[in-house]
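The values are calculated or read from the model by the stated rules, or taken from the named source; none is laboratory data. On a predicted model such as this, the values are computed, not experimentally measured, just so you know. Cβ coordinates were reconstructed from backbone atoms using ideal geometry, including for glycine residues, and neighbour counts include every protein chain displayed. Just the protein is used for accessible areas: all its heavy atoms, side chains included, with ligands, DNA and RNA removed. Shrake-Rupley method; radii C 1.70, N 1.55, O 1.52, S 1.80 Å.
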Amino acid sequence: MAFLLNTHRRWSTMSSIWFCLLVVLFAQHCQPTASSATYLVGLGSYDITGPAADVNMMGYANMEQIASGVHFRLRARAFIVAEPGGKRIVFVNLDACMASQIVTIKLLERLKSRYGDLYTEQNVAISGIHTHAGPGGYLQYIVYIVTSLGFVRQSFEVIVNGIEQSIIQAHENLRPGTVYVNKGELLDAGINRSPSAYLNNPAVERSRYKYNVDKEMTLLKFVDDEWGPVGAFNWFATHGTSMSRTNSLISGDNKGAAARFMEDWFKEKGLDEIDIVYPEELGTERINEGSPRRVSTIIPQLHNSVDELKQTASSFQASGGRRVTRSLSATRRLRSSFRQGNRPKFVSAFCQSNCGDVSPNVLGAFCIDTGLPCDFNHSTCSGKNELCYGRGPGYPDEFESTRIIGERQFRKAVDLFSAASEQIKGKVDYRHTYLDLSQLEVILSSSDGSKSAVKTCPASMGFAFAAGTTDGPGAFDFQQGDDKGNAFWKLVRNLLKTPSKEQEDCQRPKPILLDTGDMKEPYDWAPSILPIQIIRIGQLVILCVPGEFTTMAGRRLRDAVRTVLTSGSNGAFDKNVHIVIAGLTNAYSQYVTTYEEYHIQRYEGASTLFGPHTLDAYIQEFKKLAAALVGGQSISTSLQPPDLLDKQISLLPGVVLDSTPVGVKFGDVKIDVPLNSTFKQGDMVTATFWSGCPRNDLMTEGTFSLVEVLRGTDTWAPAYDDDDFSLRFKWSRPGKLSPESYATIEWRIPETAASGVYRLRHFGASKSLFGSIKHFTGASRAFVVL
């Protein structure tokens, strides 16, 4: 009995000890620590590069600007921030000219099918960086797809699919994490391209600001509790017009370039995982298994003598074209989504803000005939606007200007990212509604306290719209600053639609060139019902606008919303609230100027669709959203934008067939790298291949062009591809109706390229007369880089 009692006591004592230990461990596990997360954070990225041939580019409205290759590929980048068990938001940044209402509608339908009511129009924002070097035809209103010969289904589908995939990745990557915010000035990445309009704003208002454009960049840094930094999104105002109206290569322009620079910087710092490249049989050649994509920054310098390198290179002649299987090809595997362990890829996005009057061509606007500055008020040269062009910092090389402006944004982002210490804390919330901007009543308050009611107008575009800007001037005899119009063009206008007197009075002093709001055949030419949205992540507030606000218009909107947020009685926001404008978001409706700028009728004023009180309408309605956000009230509306997908018309012919001369295979080299060639960093290497139309396969998450480096004696590893700034893919036909075509690969050897033996490879797809698509590849002869 004593033995049993002692045993019982020992077990009782041990049970108490174990119970206490479990309580302590449970308490330690449940207590918040310094590294515990307030949010769930997830990021994703996916290819949205559209057709690289035959399709008009969106932005400059230049009928002759037809895509014919790739400068670097376009991507959709997304982040999700969620309160555990609470609300969440999605923000997607597109390497595209702007968001599209029909893209948003169809994307939301897909999300509903996949996730139910988790992601809706209320908490999803889709914003464009405003590159003018992406394929067009993905918007639903006629005025935005005239130059692309109507709707381009391929452009539309790749964007919708890419956004969806980026959100899926972000959703699947959701993990406990922390968000930090930082901001700072970037002084040399934008100037005001319409300073005469800016100067019409009140002097007292202008005196509050040091510059006539916004110079502040605001950055969010996303940190996974386990893996550390996983991404950064920033907002900064400058146009995507470093690439000119004559460029024909698909490009993300300066913001797309900045994103690539930052993602590569993070990878090169050793902070991100290395992409895995899986092997594929290409004849008797071997593709290295497990080699990094950008080997130039990872493999050691080769110590072979120059003669040894030349001898090795001479043993590898052009491979000749051969068929490959698309599902197994290196084009698909090159930038694999496979990860090491569970670590997500680092995603960096450079988002657009109130860029309406901000140009990246920071050297100013000059006459191409005389070299003198353009006329200040009208941006003309001897009365002609066609001769006035802005100059980027790399003038006359637009690729160099793109690199420089991109690099300036990238370096500022790195500084802000590295120094970010202010932690985002507080609720995740949002408000969204639709406005009918064709007839919205606006209550104006005067300085004496009296109020008056005005209305916005149905959409129209003024004469100065056709003059273009110094980033991309228009044609004929149109001029910026035209508040009269001329008789000849009014006669031409009247053939389409004569504006009513009521419309002319409403839009005054804009002389109406296109009365798009009242043009309904064969379907709507311009939008009228548009979305506005506020997103809150703690002390950061994002104002999502469906257009391009000018500098002062954006300042007025931010100030109005800030006043509402910080004057609320519940103390939800203090003076430290950070407010950014996300331009070109969820839909597109051109420009928004101040009332004073509108009266100058430069390009931006002529493109302010809904009349002189457009900005006042936005401010009034955003104040309502802000008040609802602070007060915890919901917003309801019966308005919905139209879904015009079934009405779309396309006049762009499809690909009929591809062919090569007798005895020539797709992928064969037409013009090879010179025999026994030796190059150095900074040189250009080129090769031309017999190819098929790039519209046959967009090579989504793949590549048309590739630089390979020799490792060992017979193993070729990928070094650079379509996603690299140094490599360009150019496609052409010998004649407009010819079924034959060429692909030229140009590689500007970077300063970071390692010495060794290299070659150029092309991937493509050809279409037979009966419609079958077959994939092929071919490689140039090898050459030496020292």
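For this structure, a couple of remarks:
- When the Cα positions of 152, 84, 749 are compared along the charge dipole of the chain, 84 comes out farthest toward the positive end, with charges on each C-beta of Lys, Arg, Asp and Glu.
- Carbon/sulfur fraction of accessible area - the chain, other protein chains in place, 1.4 Å, %: 54 percent
- Members of 267/665; 575/624; 412/680 lying beyond 27 Å, as alpha-carbon distances in this model show: 267/665; 412/680
- Taking a straight line from the alpha carbon of residue 183, these aspartates and glutamates sit under 12 Å away, with near neighbours fewer than eight places off in the same chain left out: 216, 415, 422.
- Counting lysine pairs in the stretch 449-514 that sit 8 or more residues apart in sequence, or on different chains, and whose Cα atoms lie under 24 Å apart gives 11.
- Stokes-Einstein D (µm²/s) once Rh is taken as the Kirkwood radius of the stretch 480-600 over alpha-carbon pairs, at 20 °C in 1.002 mPa s: 125 µm²/s
- Taken about its Cα centre, the stretch 65-128 carries a charge dipole of roughly 180 debye when the Cβ of each Lys and Arg holds +1 and the Cβ of each Asp and Glu holds -1.
- Area projected by the alpha carbon convex hull of the stretch 477-532, averaged over all directions, nm²: 5.2 nm²
- Largest-first ordering by accessible area, 1.4 Å probe, given options 545, 655: 655, 545
- Alpha carbon centroid spacing (whole Å) that separates the stretch 113-169 from the stretch 50-108: 5 Å
- Cα Rg, Dmax (largest Cα-Cα span) when computed across the stretch 574-695, Å: 27.4, 74
- Accessible-area value, residue 418, 1.4 Å probe, nucleic acids and ligands omitted, Å²: 80 Å²
- For residue 370, the solvent-accessible surface computed with a 1.4 Å probe is close to 80 Å², ligands and nucleic acids excluded.
- Loop sites by DSSP among the chymotrypsin sites (Phe, Trp or Tyr not before Pro) of the chain, restricted to those with at most 12 other Cβ atoms within 10 angstrom, leave 1-337 as the longest stretch without any of them.
- Listed residues 478, 347, 179: farthest to the positive end of the dipole of the chain (Cβ charges): 179
- Per-residue ellipticity at 222 nm, computed for the chain from helices alone with -39500 (n - 2.57) per DSSP H run of at least four residues, works out to -7000 deg cm²/dmol.
- By accessible area with a 1.4 Å probe, ligands and nucleic acids excluded, highest first: order of 63, 243: 63, 243
- Of all lysines in the structure, those lying under 16 Å Cα to Cα from residue 647, and not within fewer than 8 positions of it along the same chain, are 106, 520.
- Placing unit charges on each Cβ (+1 for Lys and Arg, -1 for Asp and Glu) gives the stretch 172-264 a dipole about its Cα centre, and among 231, 197, 212 the Cα reaching farthest toward its positive end belongs to 197.
- For the chain, the membrane-span-like helices by this rule, meaning whole DSSP H stretches whose C-alpha atoms cover at least 24 Å of axis and whose Kyte-Doolittle mean is -0.5 or above, are 2-30, 153-172, 398-419, 614-631; this says nothing about an actual membrane.
- Tail weight of P(r) past 17 Å, computed on alpha-carbon pairs of the stretch 354-419, percent: 53 percent
- Per the Kirkwood formula applied to alpha carbons, the stretch 105-231 shows a radius of gyration over Rh ratio, Rg over Rh, of 1.07.
- The stretch 566-622 has equivalent-ellipsoid semi-axes of 29, 13, 10 Å, by the square roots of 5 times the alpha carbon gyration tensor eigenvalues, sorted largest first.
- Ordering 711, 323 by accessible surface, largest first, gives 323, 711; the 1.4 Å probe counts only protein heavy atoms, with every chain in place.
- Pairwise Cα distances in the stretch 432-500 exceed 19 Å for 57 percent of all pairs.
- Cβ-placed point charges (K, R +1; D, E -1), dipole of the stretch 414-518 about Cα centre in debye, nearest 20: 220 debye
- Averaging Cα coordinates gives a centre for the stretch 468-522 and one for the stretch 672-701; these two points are 45 Å apart.
- What separates the Cα centres of the stretch 346-392 and the stretch 225-254 is a distance of 19 Å.
- Of the trypsin sites (Lys or Arg not before Pro) found in the stretch 203-235, the ones in coil according to DSSP and having at most 14 other Cβ atoms within 10 Å of their Cβ are 208, 210.
- Using a cutoff of 8 angstrom between alpha carbon atoms and counting only pairs six or more residues apart, the relative contact order for the chain works out to 17 percent.
- Nearest-10 value in Å² for the accessible area of residue 249, using the 1.4 Å probe: 10 Å²
- The calculated P(r) of the chain, using every Cα pair and 20 Å bins from 0, goes 16, 47, 29, 7, 2, 0 in percent.
- Of all lysines in the structure, the ones whose alpha carbon falls short of 19 Å from that of residue 112, not counting any fewer than 8 places away in one chain, are 87.
- Shape of the stretch 398-521, Cα gyration tensor, a/c cut at 1.5: oblate
- The charge dipole of the chain, taken about the Cα centre with unit charges on the Cβ atoms of Lys, Arg (+1) and Asp, Glu (-1), comes to about 1260 debye, rounded to the nearest 20.
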